[in-house]
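Below is one structure, written out as C-alpha cells; comments come after it.
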Amino acid sequence: MTQELSTTYAPNEVENKWYKTWNDGKYFAPKKGKVDEGFCIIMPPPNVTGKLHAGHALDITTQDALIRFKRMKGYETLFLPGMDHAGIATQSKVEELVWNESKKKKHDFTREEFLEKIWAWKEEYGGFIAEQQRVMGASCDWDYSMFTMDAEPNEAVREAFVELYNQGLIYQSDYIVNWDPKLQSAISDAEVEHKEVQGAFYHIHYKVAGSDTLLEVATTRPETLLGDSAVAVNPKDERFAHLIGKKAIVPICNREVPIVGDEHVDIEKGTGCLKVTPGHDFNDFEIGQRHKLEMINILNKDGTLNELGLEWEGLTCKKARSKVVAKLEELGQFVKEEKHVHQVGHGDRSKAVIEPMISKQWFVDVQDMAKVAVDSVETEKTKFYPKGWENTYYSWMREPKNWCVSRQLWWGHRIPVFTCGSCNHQWADKALKPDTCPKCSAKDLEQDPDVLDTWFSSGLWPMTTLGWPNKERMQERGFDRFFPTSVLVTGFDIIFFWVARMMMMGTKFTNKIPFHKVYIHAIVRDKQGRKMSKSLGNGIDPIEMVDTYGADAFRFALAAGSGYNRNINLDPERIGGYRNFINKIWNAFRFISPVLELGSSELPENLDDQEKWILAELNDTAKIMNDSIEEFRYDDSCSAIYSFVYDSFCSWFIELSKNIVNGEDEAKKIQRATVLKYCFREIVALLHPMTPFITEELWTHLKEETEPLLIQHDYPEFKESLAFTDEQKNMNKFIEVVSSVRFLRQSVNIKPKDEVVVALFTDEEETANYFNANKSGISELARAKEVTVESKSSQRPSKAIMKASVHTEIFLPLEGVIDLSDQIKRLEKDLAKVQKEYDKVSKKLGNEKFMANAKPDVVIEVKEKATDFEGQLKSINERLEAFKA
RNA sequence: GGGACAUUAGCUCAGCUGGGAGAGCGCUACCCUUACAAGGUAGAUGUCGGCAGUUCGAUCCUGUCAUGUCCCACCA
C-alpha cells in the first residue's frame, strides 16, 4: 500500500470527493444519535451579494467544528444555512448594474419592475457564497437553507410586525431621525458611525430685539441658522438670565425667535449661548419640544438646502457653510472662527455625512423588550463566551433608544400597514394584500411605501428558520427540538445589530431566549494586525488558501488561532505550517499502513510500557479536546492534538515502533500494530472537527467494514482504564535521557551514523528498572551499541563526557581526544543554571516566614526541588573536578 | 466626555484559585537515518510596559503613569 501513496498529500481531489459523498448521502441532515438531544446552530446568513472572505471562513470553521464534534458525540445536529437579502447593498448593486447597462435610474422604472430586476440578479449571481462555504467543508443541511426575502420570512415579519403594532409597540411619528442623504432614507442609531472630523466653531452675533445687546453664539454649523427657532441660555447663567423671555433676531433671514432658558445649555461650553435648530439637531429637537418651538426643515432629501436656504437653495450644507459665513462677515455679524475637532455621524454603509432631520418614520418601542433581554443575560440563560462581551451588549441594551425601522428603499420587507382611501382608517394586516378596509369595507387601500430595516427580519431569524410562525412548518423543521438554538457564533461588530435584536424579538415572541450560548470570535486581520480591506489589498482570499494549502490546513490554522482573543492576525505562512502538519499525518499513516492488516480492533491485555505511555498521552489529549471544544477554546484543542501527533506519536512512538514492526517477533509485531492502529483511529477521530477531509479519507483505511463514516463515528473520550501515570513519568525520564545523549553526541561532533556507548547512573530503583527494560529503545533512538545502568555508587568511566539530569547521570565514554576545555565550559554553564535554581529554593527554605506561612504542599514541593538540585549539583561538580584533575 | 480591553521571546499569542516563564512560526548548527526535506536532531532568545503598594513570595492582586486598540456619547 505504501507504494500507492505519494509522500505528499494532495488535498483538493479528496476534499471534493468527500463533500459530495457527505452531502449526497444526507450526512448533514439531523439524525437522532445516542444522545437524545438536539444541537443546532443557525448560521449568520451572509449577504447575497457577498463573496467569501476570511471572516466568513472563520465563521464556518468555528461553527462547523462544533457541529461535527456534537454530531460525533451523538447529538441530533442541525447546522442551518441561509442568505441575507442585504437591503441597501443589494439594491445599490443592481442600481449600479442597471445604470451601466442602460443609463437608467431606479425611478425610470416602476417599483415592481425594479424589484423584478433585483430578483433576476439574485437568481443569477446571488448565492455564489454558498458554493464557497461548501469548499470550506461546512456540514450544513442545505435542504433547510432560507433566504431572508423568501415567503416564509415574509410571513414571520408580518406576524411579528402586526403583533407589535397591535400591542402599541410600533408607532409612527414625526421625529428627528438620522437621515442618510446618499441613500435618501432614514437609518437607525446603530447604523451611524461617529468619526472625528476637523471642523470649527463659528462665533456669530445675534441681535436682541429692541435693544443694542448682542448675543454671541458659537456653532459648528452656521448654515443651519436658517432653521433656528430660538436662542437658549442656561437660566442659572448670570450673564444671560435676564434676557430670557425676550426675542433674538436670527441673522440673514431676520427671523424673530424667543430666547429661552434651558438647563441643557452648558455655561462653560462655547459662549454659553446656544442657537436652537430643532429640525436638524437631536438636542435642539428636545429643547424644541420642551419649549414648543417651531420645527423648521431647511433640507431636501438629498441633503441640499431647500427654499428656506434662500440664495443658497440647492447647495449642500458643506458648500453653503462658507457662503453663509461670508454673508455674515458682510453683515458685520461674524465674530471669529476657532478650529475645533468634533465627532460627526456617518452612515456605516454609505459613508455619507448623516443629517439629523425630522421625518415621519415607524418606530419600535424596545424599552420593555430590552429589559427582558438584559435580564436573560444577567441570569445567564444566555451566556457570552468570552464573558467580557456581555458589557458591550449591556452598554447598548441598558439604555436603548427606540428603533427606527422604516427605510425609504424598495428592496426589503414592505411595511404591512394599510390606509383606507375612503375612511382614512390605518391598520396593520397579516395578509399580504387585504381586500377590504376592516372598518368601512372599502376596497380602495394603500400600503405604506417603505420597507423594514434588514435587522427587523434578521432579529426573527432563529425562529423563522425553524418554521415560526407556521405550526406545520415548525413541526416539519423541528422547532421544539432545536429552539432555543444551542450556540450563536458571530463577530463582536454585530452584537448590537443582530444579537441584541434577536434576544429582544426571541424573548418577545416565544418567551424563550433564542440561543443558550453566544460565542464571539475574533476579527481576522493581516499578519501586521491591520484590518483586511480592498484598498490595502491585504485581504486573504479563502478560496485561494484552500487551493494552495487545502481546506483542512486553512481550517486548522483558523481554529488554532481562535480562543477568547479579539484578533487573529493571519499570515499565509502559518497556514503553510499547518499544511505541513496535515502532511505529517499523511506520512505517519504511510508508516502504519503496511501493518494495519496485522492489527486487531481490540486493545491487547498485556500492554508494554511504551504502549501504556502512548495510550495515556492519547487519553489526556482526548480529555483536553473534549473540554476545550465545549468552551470554544479551539486554540487549546489544536495545540493539544498538534503536540500529541507531532511529538508523542510521530517523534517517539513511531520511532520506538520501527524495530518491532520490522522485527521477527510476530506476537510483538501484531500487538504493536494493534496499538498503532488504535491510536491512529483515535487521532483521526479527534481531529475530524477541525480537519474533516483528510481524516475521513484516512478513516476508510482504518474503519471496520461495518463501521460508519468518520463523520458519524463516536468522538473519543477520556477513559479511566487508560490512565497510566507511572508509565508517563518513566517515559519522560526516558525521553530526557535520549535527548541528553543526542545532545552530548552533537557537542563532540559524533556523526549520526556512529554508534556510542551509553553509561547511565541513577539511584532511583524504578527508573533503573525502566531503563533496563527499555535498553533497546535507548539504543535505537540514541544510536548506542551498548547501554549500561548502574547506581551512583559505581565507578564512573574515566574518559567520558557527561550531562546530569535531576534523576540520572548520563555518560558517554569516549576513546581518543576530548576537548576538555569545551566540556568544562559547557558543564560550568549547566552548573551556573542549576546553582541559580538551587539558590532560589534554598533561600525560601531558609526564610522562616515562608516556612510558617506557605501552604504545606508548597513547602514539600520546594524541599523536593532542593534535594533534586543538590544531587544534580553534586553530579556536575564531581565531573568538573575529574576534568580539571 | 464616558467606558472596555490590551501591553509576556524577532513575529503572533497562551499562561486556571499568587509558589521553578510556555507554544507555534521564524532563527542558528549539524544531518538526504528504510513514514515524511511540506523532513530529522539539537540549540539560542525574555529587567512578563514603567513606578509604587499588599504579601514569606507578584507575569498574576491593588493603585498610578505611559502606550496602543476598540466601543459608546447630542455635530453648541
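No lab work stands behind these numbers, since they all come straight from the coordinates. Small disclaimer: the values here were computed from a predicted structure and weren't measured. No Cβ is skipped: glycine too gets one built from the backbone with ideal geometry, and neighbour counts run over all protein chains shown.
Overview of results
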{"quantity": "Charge dipole magnitude, Cβ of K and R +1, D and E -1 - chain A, Cα centre, debye nearest 20", "calculated": "1420 debye"}
{"quantity": "Which listed pairs, of A:K658/A:K703; A:K719/A:K803; A:K351/A:K401; A:K275/A:K323; A:K381/A:K401; A:K669/A:K729, have C-alpha distances above 27 Å, in listed order", "calculated": "A:K719/A:K803"}
{"quantity": "Loop-resident sites, region A:586-625, for trypsin sites (Lys or Arg not before Pro), counting at most 16 other Cβ within 10 Å (DSSP)", "calculated": "none"}
{"quantity": "Gain in span if fully extended, A:F109 to A:D150, counting 0.36 nm per residue against the direct Cα distance", "calculated": "12.5 nm"}
{"quantity": "Selection from A:Q367, A:H340, A:Q133 lying farthest towards where the dipole of chain A points positive, charges on Cβ", "calculated": "A:H340"}
{"quantity": "Relative contact order of region A:797-863, pairs being alpha-carbon contacts under 8 Å that are 6 or more residues apart, as %", "calculated": "19 percent"}
{"quantity": "Region A:1-157: relative contact order as a whole-number percent, Cα under 8 Å and 6+ apart", "calculated": "33 percent"}
{"quantity": "Charge tally in the Cβ shell below 11 Å around A:I568, where Lys, Arg are +1 and Asp, Glu are -1, A:I568 excluded", "calculated": "+1"}
{"quantity": "Of A:K31/A:K51; A:K93/A:K122; A:K751/A:K785; A:K612/A:K775, those spanning more than 20 Å from alpha-carbon to alpha-carbon", "calculated": "A:K31/A:K51"}
{"quantity": "Semi-axis lengths, Å, region A:267-315, gyration tensor of Cα atoms, sqrt of 5 times eigenvalues", "calculated": "24, 14, 9"}
{"quantity": "Whole-Å semi-axes of the ellipsoid equivalent to chain A (Cα gyration tensor, √5λ, descending)", "calculated": "70, 37, 24"}
{"quantity": "Cβ-based charge dipole, chain A, positive-most Cα from A:I585, A:F509, A:P752", "calculated": "A:P752"}
{"quantity": "Sum of side-chain charges, A:A230 neighbourhood, beta-carbon under 13 Å (Lys, Arg +1; Asp, Glu -1)", "calculated": "-1"}
{"quantity": "DSSP-defined beta bridges in chain A - what % are antiparallel, rounded to 5", "calculated": "70 percent"}
{"quantity": "Magnitude of the charge dipole, region A:685-777, Cβ model with Lys/Arg +1 and Asp/Glu -1, debye to 20", "calculated": "700 debye"}
{"quantity": "FRET efficiency, 1/(1 + (r/R0)^6) with R0 41 Å, evaluated for A:E631 and A:T510 via beta carbons", "calculated": "0.95"}
{"quantity": "Spin-label pair A:V197/A:E329, simplified geometry with 7 Å Cα→Cβ offset, distance in nm", "calculated": "2.2 nm"}
{"quantity": "Prolate/oblate/rounded call for region A:779-836, Cα gyration tensor, a/c under 1.5 rounded", "calculated": "oblate"}
{"quantity": "Estimated 222 nm signal from helices in chain A, with DSSP H stretches of n ≥ 4 weighted -39500 (n - 2.57), rounded to 500", "calculated": "-13500 deg cm²/dmol"}
{"quantity": "Cα-centre dipole for region A:118-190 with unit charges at Cβ (Lys and Arg positive, Asp and Glu negative), debye to 20", "calculated": "240 debye"}
{"quantity": "Nearby aspartates and glutamates by direct alpha-carbon distance to A:K443 (threshold 13 angstrom, same-chain neighbours under 8 apart not counted)", "calculated": "A:D435"}
{"quantity": "Ranked A:L214, A:L299, A:L164, criterion: other C-beta atoms within 10 Å, fewest first", "calculated": "A:L214, A:L164, A:L299"}
{"quantity": "Counted charge near A:F743, where neighbours are those whose Cβ lies closer than 10 Å (Asp, Glu -1; Lys, Arg +1)", "calculated": "+4"}
{"quantity": "Theoretical gain in end-to-end length, A:Q172 to A:T379 [0.36 nm per residue, Cα-Cα removed]", "calculated": "71.1 nm"}
{"quantity": "Descending principal axes extents, region A:218-354, alpha-carbon based, whole Å", "calculated": "43, 36, 30"}
{"quantity": "Angstrom value of the Kirkwood radius, inverse mean 1/r, which spans all Cα pairs in region A:402-524", "calculated": "16.6 Å"}
{"quantity": "Reachable lysines from A:K269, criterion Cα separation under 18 angstrom, eight or more residues apart if same chain", "calculated": "A:K236, A:K336, A:K339"}
{"quantity": "Point-to-point label distance, A:D541-A:N567, nm (Cα→Cβ direction, 7 Å offset)", "calculated": "2.5 nm"}
{"quantity": "Prolate/oblate/rounded label for region A:606-746 (Cα gyration tensor, a/c 1.5)", "calculated": "oblate"}
{"quantity": "Normalised contact order of chain A, rounded percent, pairs of Cα under 8 Å and 6 or more residues apart", "calculated": "12 percent"}
{"quantity": "Rg/Rh for region A:675-738, where both radii come from Cα atoms and Rh is the Kirkwood radius", "calculated": "1.10"}
{"quantity": "Distant alpha-carbon pairs in region A:53-179 (separation over 19 angstrom), percent", "calculated": "66 percent"}
{"quantity": "Packing rank of A:563-570, A:432-439, where each peptide gets the mean count of other beta carbons within 10 Å, highest leading", "calculated": "A:563-570, A:432-439"}
{"quantity": "Kirkwood estimate for region A:274-415, i.e. one over the average of 1/r between Cα atoms, Å", "calculated": "19.1 Å"}
{"quantity": "For region A:503-636, projected area of the alpha-carbon convex hull averaged over all directions, nm²", "calculated": "13.8 nm²"}
{"quantity": "Phi-based couplings in Hz for region A:379-396 (Karplus 6.51, -1.76, 1.60; Gly and Pro marked x)", "calculated": "8, 6, 5, 10, 10, 8, 10, x, 4, x, 5, 3, 4, 4, 4, 4, 4, 8"}
{"quantity": "Near-label residues of region A:481-510 by backbone N, under 18 Å of a point 7 Å along Cα→Cβ of A:D36", "calculated": "A:481-483"}
{"quantity": "Peptides ranked, highest mean first, by Cβ atoms within 10 Å: ranges A:141-149, A:546-554", "calculated": "A:546-554, A:141-149"}
{"quantity": "Stretchable slack from A:N12 to A:K351, in nm (0.36 nm times residue separation minus alpha-carbon distance)", "calculated": "118.0 nm"}
{"quantity": "Exceeding the 19 Å Cα-Cα cut-off - candidates A:K247/A:K318; A:K799/A:K836; A:K70/A:K623", "calculated": "A:K247/A:K318; A:K799/A:K836"}
